[in-house]
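Here's the structure, in structure tokens; my notes come after.
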Amino acid sequence: MTEQQVMMSITDNGAGFAQPQDLQQAFKQFYQGNHSSSRQKGHSGLGLYIAKPLIQHHGGQICAENNPACGATVRFTIPLQDT
């Protein structure tokens with residue numbers, strides 16, 4: 001956290017975004033990448049789709065990336081406002 005913004009980073013140690021197009025499509029409605037494993041785990045493909053407009057509505061930014069070893073990270077920033 002800085003005086004101007006809050007930055008959050010969520011990291012997992014799963015398979016990450018398996019295909020290059022997964023990173024580009026991750027924020028699209030109902031996108032699940034590997035459909036077979038996503039459905040088995042009960043994923044609906046809505047989490048990042050919902051998070052993106054919420055963060056943007058507050059003037060923030062969100063991005064996703066694969067980690068070098070394994071897993072993925074989603075980061076977002078939201079500017080702080082004076083109250």
Pair GLN81, ASP12: separation of 7 Å Cα→Cβ label points (nm)
3.1 nm
Two-site FRET efficiency, LEU46 against GLU3, from Cβ-Cβ distance with R₀ of 30 Å, rounded to 0.05:
0.35
proj_area_mean for the stretch 5-79 (convex hull on C-alpha atoms), units nm², value 4.9 nm²
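Taken together, the values in this text are just the output of simple stated rules run on the coordinates, not laboratory data. The structure presented is a predicted model; accordingly, all values stated were derived computationally and were not measured. Here Cβ is always computed from backbone atoms with ideal geometry, including for glycine, and neighbour counts include all displayed protein chains.
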